[in-house]
1. Could you tell me whether Ala21 is in a helix (DSSP H, G or I), open to solvent by less than 30 Å² (accessible area, probe 1.4 Å) and modelled with pLDDT of 90 or more?
2. Output the number of the condition that Thr260 fails; it satisfies all remaining conditions of (1) under 29 Å from Glu155 (Cβ atoms); (2) free of Cβ contacts under 8 Å to residues at least 40 places away in the same chain; (3) not hydrophobic (A, V, I, L, M, F, W, C).
3. Which of the residues that make up region 26-37 are assigned to a helix (DSSP H, G or I), under 15 Å from Arg4 (Cα atoms) and open to solvent by 60 Å² or more (accessible area, probe 1.4 Å)?
4. Could you look through region 38-56, keep only residues that are small (Gly, Ala, Ser) and open to solvent by 30 Å² or more (accessible area, probe 1.4 Å), and pick out the one that is modelled with the lowest pLDDT?
5. Report whether or not Asp133 is in a helix (DSSP H, G or I), modelled with pLDDT of 90 or more and open to solvent by 20 Å² or more (accessible area, probe 1.4 Å).
6. Hey, could you check region 202-224 for residues that are modelled with pLDDT of 90 or more and either of a type in the set (Lys, Arg) or closer than 30 Å to Asp286 by Cα (or both) and say which is surrounded by the most Cβ atoms within 10 Å (Cβ to Cβ)?
7. Of (1) open to solvent by less than 20 Å² (accessible area, probe 1.4 Å); (2) in a strand (DSSP E or B); (3) over 27 Å from Ala210 (Cβ atoms), Ala145 satisfies all except one. Which?
8. Please go through region 100-127 and pick out each residue that is open to solvent by 60 Å² or more (accessible area, probe 1.4 Å), touching a helix residue (DSSP H, G or I) at 6+ places or on another chain (Cβ under 9 Å) and over 29 Å from Leu203 (Cβ atoms).
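The values are calculated or read from the model by the stated rules, or taken from the named source; none is laboratory data. These numbers were taken from a predicted model, which means no experiment stands behind them. Cβ: placed from backbone, ideal geometry, glycine included. Neighbour counts: every protein chain shown. Side chains are part of the model used for accessible areas, which takes the heavy atoms of the whole protein and leaves out ligands, DNA and RNA. Shrake-Rupley method; radii C 1.70, N 1.55, O 1.52, S 1.80 Å.
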Amino acid sequence: MDPRRVLTFRAVAHQRSFSRAARELALSQPSVSNQVASLEREIGVQLLERRPGGLRLTPEGAILLEHADAIAERFELAESQLAASAEGDRARLRIGAFPTALAGFVPAAIEQLRREHPESRITVDEGTDDLPDRLRSGELHLAVAFQDAALPRHEPAGLERRDLLRESFTVAMSPDHRLAEAPAVHLKELRDDDWTAADVDGLIVRACRAAGFEPHLVSLTRDQLAVRALIARGLAVTLAPQLLAEAFDDVVLRPIAGPTPARDVYALLPPGGRHPLVSPVLDALDAIADARAGSAS
(Lines give C-alpha, C1' and ligand atoms only; values in the text may rest on other atoms or scores of the structure.)
Protein backbone atom coordinates (compact mmCIF):
# COMPACT_ATOMS: atom_id res chain seq x y z
CA MET A 1 0.00 0.00 0.00
CA ASP A 2 1.17 3.50 -0.83
CA PRO A 3 1.68 5.19 2.57
CA ARG A 4 0.72 8.58 1.13
CA ARG A 5 -2.66 7.21 0.06
CA VAL A 6 -3.11 5.58 3.49
CA LEU A 7 -2.47 8.88 5.26
CA THR A 8 -4.82 10.68 2.88
CA PHE A 9 -7.50 8.09 3.65
CA ARG A 10 -6.83 8.68 7.36
CA ALA A 11 -7.54 12.40 7.00
CA VAL A 12 -10.79 11.70 5.13
CA ALA A 13 -11.84 9.10 7.72
CA HIS A 14 -11.31 11.46 10.63
CA GLN A 15 -12.91 14.44 8.90
CA ARG A 16 -15.76 12.35 7.43
CA SER A 17 -15.49 14.63 4.41
CA PHE A 18 -13.35 14.81 1.26
CA SER A 19 -13.52 18.60 1.17
CA ARG A 20 -12.48 19.09 4.81
CA ALA A 21 -9.67 16.55 4.40
CA ALA A 22 -8.50 18.41 1.29
CA ARG A 23 -8.28 21.66 3.26
CA GLU A 24 -6.38 19.94 6.06
CA LEU A 25 -3.90 18.41 3.60
CA ALA A 26 -3.68 21.50 1.39
CA LEU A 27 -4.75 19.44 -1.62
CA SER A 28 -7.57 19.71 -4.11
CA GLN A 29 -10.73 17.69 -3.43
CA PRO A 30 -10.39 15.70 -6.70
CA SER A 31 -6.83 14.77 -5.74
CA VAL A 32 -7.98 13.48 -2.33
CA SER A 33 -10.88 11.54 -3.86
CA ASN A 34 -8.60 10.01 -6.49
CA GLN A 35 -6.04 8.91 -3.88
CA VAL A 36 -8.69 7.17 -1.78
CA ALA A 37 -10.20 5.52 -4.85
CA SER A 38 -6.74 4.33 -5.94
CA LEU A 39 -6.14 2.90 -2.47
CA GLU A 40 -9.45 1.01 -2.59
CA ARG A 41 -8.52 -0.45 -5.99
CA GLU A 42 -5.06 -1.35 -4.71
CA ILE A 43 -6.33 -3.36 -1.72
CA GLY A 44 -9.55 -4.57 -3.34
CA VAL A 45 -12.06 -3.43 -0.70
CA GLN A 46 -14.34 -0.46 -0.16
CA LEU A 47 -13.20 1.73 2.73
CA LEU A 48 -15.82 4.48 2.83
CA GLU A 49 -19.55 4.66 2.18
CA ARG A 50 -21.45 7.80 1.24
CA ARG A 51 -24.38 8.22 3.63
CA PRO A 52 -26.78 11.07 4.40
CA GLY A 53 -24.88 13.40 6.69
CA GLY A 54 -21.43 12.41 5.49
CA LEU A 55 -19.07 9.52 4.95
CA ARG A 56 -19.05 6.35 7.03
CA LEU A 57 -16.30 3.78 7.45
CA THR A 58 -16.87 0.24 6.26
CA PRO A 59 -15.62 -2.55 8.59
CA GLU A 60 -12.52 -2.80 6.41
CA GLY A 61 -12.07 0.96 6.60
CA ALA A 62 -12.20 0.84 10.41
CA ILE A 63 -9.46 -1.80 10.42
CA LEU A 64 -7.24 0.22 8.10
CA LEU A 65 -7.84 3.44 10.05
CA GLU A 66 -6.44 1.85 13.21
CA HIS A 67 -3.24 0.99 11.34
CA ALA A 68 -3.17 4.38 9.63
CA ASP A 69 -3.31 6.11 13.04
CA ALA A 70 -0.37 4.00 14.22
CA ILE A 71 1.61 4.91 11.08
CA ALA A 72 0.88 8.60 11.59
CA GLU A 73 2.00 8.39 15.24
CA ARG A 74 5.28 6.79 14.20
CA PHE A 75 5.89 9.47 11.56
CA GLU A 76 5.23 12.18 14.16
CA LEU A 77 7.59 10.48 16.60
CA ALA A 78 10.28 10.16 13.93
CA GLU A 79 9.88 13.85 13.06
CA SER A 80 10.27 14.83 16.71
CA GLN A 81 13.31 12.60 17.25
CA LEU A 82 15.01 13.79 14.05
CA ALA A 83 14.39 17.43 14.96
CA ALA A 84 15.88 16.89 18.44
CA SER A 85 18.92 15.19 16.94
CA ALA A 86 19.44 17.92 14.33
CA GLU A 87 19.22 20.60 17.01
CA GLY A 88 21.82 18.89 19.17
CA ASP A 89 19.28 18.26 21.93
CA ARG A 90 20.32 14.65 22.54
CA ALA A 91 21.86 15.50 25.92
CA ARG A 92 18.49 16.64 27.33
CA LEU A 93 16.30 13.84 28.61
CA ARG A 94 12.57 14.47 29.11
CA ILE A 95 10.90 12.30 31.74
CA GLY A 96 7.23 12.19 32.71
CA ALA A 97 6.01 10.55 35.91
CA PHE A 98 2.99 10.29 38.18
CA PRO A 99 3.08 12.61 41.22
CA THR A 100 4.12 10.07 43.86
CA ALA A 101 7.11 8.95 41.79
CA LEU A 102 8.24 12.59 41.61
CA ALA A 103 8.40 12.75 45.42
CA GLY A 104 11.62 10.74 45.58
CA PHE A 105 11.84 7.74 43.26
CA VAL A 106 12.53 9.61 40.02
CA PRO A 107 14.72 12.33 41.62
CA ALA A 108 16.91 9.60 43.14
CA ALA A 109 17.41 8.08 39.68
CA ILE A 110 18.25 11.49 38.22
CA GLU A 111 20.78 12.08 40.98
CA GLN A 112 22.47 8.78 40.14
CA LEU A 113 22.42 9.57 36.41
CA ARG A 114 24.10 12.92 36.94
CA ARG A 115 26.88 11.32 38.94
CA GLU A 116 27.62 9.03 36.01
CA HIS A 117 26.79 11.53 33.24
CA PRO A 118 27.52 15.01 34.64
CA GLU A 119 26.96 16.62 31.22
CA SER A 120 23.37 15.39 31.05
CA ARG A 121 20.37 17.68 31.29
CA ILE A 122 17.03 16.34 32.48
CA THR A 123 13.58 17.85 32.57
CA VAL A 124 10.83 16.21 34.61
CA ASP A 125 7.12 16.76 34.16
CA GLU A 126 4.10 15.46 36.05
CA GLY A 127 1.57 13.32 34.23
CA THR A 128 -1.00 10.57 34.71
CA ASP A 129 -3.27 9.17 32.01
CA ASP A 130 -1.69 11.47 29.41
CA LEU A 131 1.78 9.88 29.66
CA PRO A 132 1.37 7.25 26.89
CA ASP A 133 0.19 9.82 24.33
CA ARG A 134 3.04 12.17 25.22
CA LEU A 135 5.53 9.36 24.68
CA ARG A 136 4.04 8.47 21.31
CA SER A 137 4.23 12.09 20.17
CA GLY A 138 7.90 12.39 21.14
CA GLU A 139 7.23 14.99 23.85
CA LEU A 140 8.71 12.59 26.42
CA HIS A 141 11.59 10.13 26.14
CA LEU A 142 10.55 7.98 29.10
CA ALA A 143 7.62 7.80 31.50
CA VAL A 144 7.04 6.25 34.90
CA ALA A 145 3.46 5.07 35.44
CA PHE A 146 1.51 2.66 37.62
CA GLN A 147 -1.55 0.45 37.76
CA ASP A 148 -3.52 -1.26 40.49
CA ALA A 149 -1.93 -4.70 40.89
CA ALA A 150 -5.39 -6.25 41.32
CA LEU A 151 -6.43 -5.25 37.79
CA PRO A 152 -5.50 -7.07 34.55
CA ARG A 153 -2.07 -6.09 33.26
CA HIS A 154 -2.23 -3.00 31.03
CA GLU A 155 0.10 -2.71 28.02
CA PRO A 156 -0.29 0.69 26.30
CA ALA A 157 -0.46 0.20 22.54
CA GLY A 158 2.73 0.88 20.63
CA LEU A 159 4.90 1.27 23.75
CA GLU A 160 7.18 -1.02 25.73
CA ARG A 161 6.44 -1.59 29.41
CA ARG A 162 9.29 -2.36 31.83
CA ASP A 163 8.18 -3.35 35.33
CA LEU A 164 10.11 -1.69 38.17
CA LEU A 165 8.49 -2.67 41.46
CA ARG A 166 5.31 -3.69 43.19
CA GLU A 167 4.63 -1.39 46.11
CA SER A 168 2.25 -2.04 48.96
CA PHE A 169 0.21 0.49 50.93
CA THR A 170 -0.04 1.36 54.60
CA VAL A 171 -2.65 3.32 56.55
CA ALA A 172 -1.66 6.97 57.09
CA MET A 173 -3.17 8.73 60.09
CA SER A 174 -2.45 11.53 62.53
CA PRO A 175 -0.17 10.86 65.54
CA ASP A 176 -3.14 11.25 67.90
CA HIS A 177 -5.50 8.96 65.96
CA ARG A 178 -7.18 6.33 68.13
CA LEU A 179 -5.39 3.54 66.18
CA ALA A 180 -1.98 5.22 65.99
CA GLU A 181 -0.44 2.71 68.42
CA ALA A 182 -2.01 -0.38 66.85
CA PRO A 183 0.48 -2.89 65.40
CA ALA A 184 -1.76 -3.23 62.33
CA VAL A 185 -5.10 -1.81 61.23
CA HIS A 186 -8.07 -3.50 59.61
CA LEU A 187 -9.53 -1.15 57.02
CA LYS A 188 -13.04 -1.80 58.31
CA GLU A 189 -11.95 -0.14 61.57
CA LEU A 190 -11.79 3.12 59.59
CA ARG A 191 -15.28 2.96 58.12
CA ASP A 192 -16.40 5.96 60.23
CA ASP A 193 -13.32 8.10 59.48
CA ASP A 194 -13.06 10.87 56.90
CA TRP A 195 -10.85 9.97 53.94
CA THR A 196 -8.73 11.71 51.32
CA ALA A 197 -8.00 10.07 47.96
CA ALA A 198 -6.92 10.97 44.45
CA ASP A 199 -10.25 10.10 42.82
CA VAL A 200 -13.61 8.55 43.52
CA ASP A 201 -12.96 5.13 41.99
CA GLY A 202 -9.22 4.61 42.36
CA LEU A 203 -7.20 2.08 44.31
CA ILE A 204 -7.93 3.59 47.75
CA VAL A 205 -11.69 3.62 47.25
CA ARG A 206 -11.65 0.10 45.77
CA ALA A 207 -9.70 -1.16 48.80
CA CYS A 208 -12.30 0.33 51.14
CA ARG A 209 -15.12 -1.24 49.16
CA ALA A 210 -13.36 -4.60 49.28
CA ALA A 211 -13.26 -4.19 53.08
CA GLY A 212 -17.02 -3.72 53.10
CA PHE A 213 -17.65 0.01 53.25
CA GLU A 214 -17.84 3.16 51.14
CA PRO A 215 -15.28 5.71 52.37
CA HIS A 216 -16.50 9.15 53.38
CA LEU A 217 -14.35 11.30 51.09
CA VAL A 218 -13.74 14.83 52.34
CA SER A 219 -10.90 15.58 49.92
CA LEU A 220 -10.01 14.60 46.36
CA THR A 221 -6.45 15.62 45.57
CA ARG A 222 -3.13 14.34 44.20
CA ASP A 223 -1.22 17.14 45.96
CA GLN A 224 0.89 15.31 48.53
CA LEU A 225 1.46 18.44 50.61
CA ALA A 226 -2.30 18.83 50.94
CA VAL A 227 -2.72 15.15 51.78
CA ARG A 228 -0.04 15.33 54.49
CA ALA A 229 -1.60 18.46 55.99
CA LEU A 230 -5.04 16.87 56.19
CA ILE A 231 -3.69 13.73 57.82
CA ALA A 232 -1.32 15.46 60.25
CA ARG A 233 -4.18 17.64 61.55
CA GLY A 234 -6.47 14.66 62.03
CA LEU A 235 -8.88 15.77 59.30
CA ALA A 236 -8.62 12.59 57.22
CA VAL A 237 -6.94 9.23 56.83
CA THR A 238 -5.69 7.60 53.63
CA LEU A 239 -3.61 4.77 52.24
CA ALA A 240 -0.01 5.77 51.57
CA PRO A 241 2.17 3.96 49.01
CA GLN A 242 5.62 2.67 49.82
CA LEU A 243 7.24 5.41 47.70
CA LEU A 244 5.90 8.07 50.08
CA ALA A 245 7.10 6.51 53.32
CA GLU A 246 9.99 8.96 53.73
CA ALA A 247 7.93 12.00 52.70
CA PHE A 248 5.22 11.09 55.24
CA ASP A 249 7.54 11.06 58.23
CA ASP A 250 5.35 13.55 60.13
CA VAL A 251 2.32 11.22 60.21
CA VAL A 252 1.80 7.69 61.51
CA LEU A 253 1.99 4.79 59.03
CA ARG A 254 0.56 1.45 60.10
CA PRO A 255 0.49 -1.89 58.25
CA ILE A 256 -2.85 -3.11 56.95
CA ALA A 257 -4.19 -6.21 58.64
CA GLY A 258 -5.60 -8.60 56.06
CA PRO A 259 -5.47 -8.19 52.26
CA THR A 260 -3.16 -5.31 51.40
CA PRO A 261 -3.66 -3.30 48.19
CA ALA A 262 -0.64 -2.88 45.94
CA ARG A 263 0.24 -1.24 42.67
CA ASP A 264 2.75 -2.02 39.96
CA VAL A 265 5.15 0.78 39.05
CA TYR A 266 6.64 0.56 35.57
CA ALA A 267 8.55 2.49 32.94
CA LEU A 268 7.13 3.18 29.48
CA LEU A 269 9.40 3.47 26.46
CA PRO A 270 8.64 4.68 22.93
CA PRO A 271 9.32 2.50 19.90
CA GLY A 272 12.60 3.00 18.08
CA GLY A 273 15.11 5.87 18.14
CA ARG A 274 15.43 6.00 21.92
CA HIS A 275 17.37 8.72 23.68
CA PRO A 276 20.89 7.53 24.65
CA LEU A 277 20.24 8.38 28.31
CA VAL A 278 17.15 6.16 28.57
CA SER A 279 19.18 3.03 29.25
CA PRO A 280 21.21 4.46 32.17
CA VAL A 281 18.06 5.98 33.68
CA LEU A 282 16.35 2.58 33.52
CA ASP A 283 19.36 1.03 35.24
CA ALA A 284 19.15 3.66 37.98
CA LEU A 285 15.40 3.15 38.42
CA ASP A 286 15.91 -0.63 38.64
CA ALA A 287 18.65 -0.25 41.26
CA ILE A 288 16.58 2.12 43.39
CA ALA A 289 13.51 -0.10 43.07
CA ASP A 290 15.52 -3.14 44.17
CA ALA A 291 16.90 -1.24 47.17
CA ARG A 292 13.44 -0.07 48.23
CA ALA A 293 11.97 -3.54 47.80
CA GLY A 294 14.77 -4.94 49.97
CA SER A 295 14.23 -2.37 52.72
CA ALA A 296 10.48 -3.03 52.72
CA SER A 297 10.86 -6.79 53.09
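1. no
2. Against the list (1) under 29 Å from Glu155 (Cβ atoms); (2) free of Cβ contacts under 8 Å to residues at least 40 places away in the same chain; (3) not hydrophobic (A, V, I, L, M, F, W, C), Thr260 comes up short only on (2).
3. Asn34
4. Here the answer is Gly53.
5. Yes.
6. Taking the candidates together, the pick is Ile204.
7. For Ala145, the failing item is (3).
8. Selection gives Glu116 alone.
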